[in-house]
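The values are calculated or read from the model by the stated rules, or taken from the named source; none is laboratory data. All of these numbers come straight from a predicted model, not from anything done at the bench. Cβ sites come from the backbone with ideal geometry, for glycine too, and all protein chains shown count toward neighbours.
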Amino acid sequence: MNRAVALVSLLMAVVLSAPRLEAQNPTEIVRAAWDHWRGESSVSEMTMVIHRPSWERSMSMSAWTRGSKHSLVRVTAPSKDAGNGTLMVDNARIIKAEGELAATEKLEKAAMVIQKNPSILELRRMQMVSEVGMEKNTTTIVLMPSEFVSMAKGIGQLAQTLKA
């Protein structure tokens, strides 16, 4: 009984001490609740997991916000995506992708190697096909040399001239 009385008196104290909401419009009420929930700044870590019948993927991120105009979200796992992030300052979004930057820097070196030995490009194509096959998805990639495309175009043009 004492516990019920204490609970009711606590509830009444909270209700009576709450600010009046009649003078505010719905937008102000929601914004005040959002600001109270978010605070001046917040730090969080989260993991997102995608479950599919044939596969599962998870991604871990850490985030920091200050108000509603400044935020930083950084991917911490898996290792192939780690370091990528999004920075938002005054509603301007800046995407920082360390992995993409590293790949771009290596592109020139790769182009020089491929120029010296074009068969390396075919080996890379085969590697990509095997990587896609390992992911157990429904993507189908058909790779063909550009010479085949040129040949097919030439055959199409020849067929057009023979019809005329």
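Return the pairs, sorted by first residue and then second, in which the second residue is among the charged types (D, E, K, R) and surrounded by 10 or more Cβ atoms within 10 Å (Cβ to Cβ), the first residue lies in segment 92-106 and is under 15 Å from Arg74 (Cβ atoms) and modelled with pLDDT under 65, the beta carbons are less than 8 Å apart, and the residues are 6+ apart or on different chains. Note: pairs meeting the criteria are Gly99/Asp81.
For segment 111-122, indicate whether the set of residues that are closer than 27 Å to Ala77 by Cα, modelled with pLDDT under 80 and of a type in the set (D, E, K, R) is non-empty. So far as segment 111-122 goes, no, none of its residues is closer than 27 Å to Ala77 by Cα, modelled with pLDDT under 80 and of a type in the set (D, E, K, R).
Scanning segment 109-130 for residues that are surrounded by 10 or more Cβ atoms within 10 Å (Cβ to Cβ), closer than 14 Å to Met144 by Cα and not aliphatic (A, V, I, L, M) yields a total of 3. Scanning segment 1-58 for residues that are assigned to a strand (DSSP E or B) and modelled with pLDDT of 85 or more gives Val43, Ser44, Glu45, Met46, Thr47, Met48, Val49, Ile50, His51, Glu56, Arg57, Ser58.
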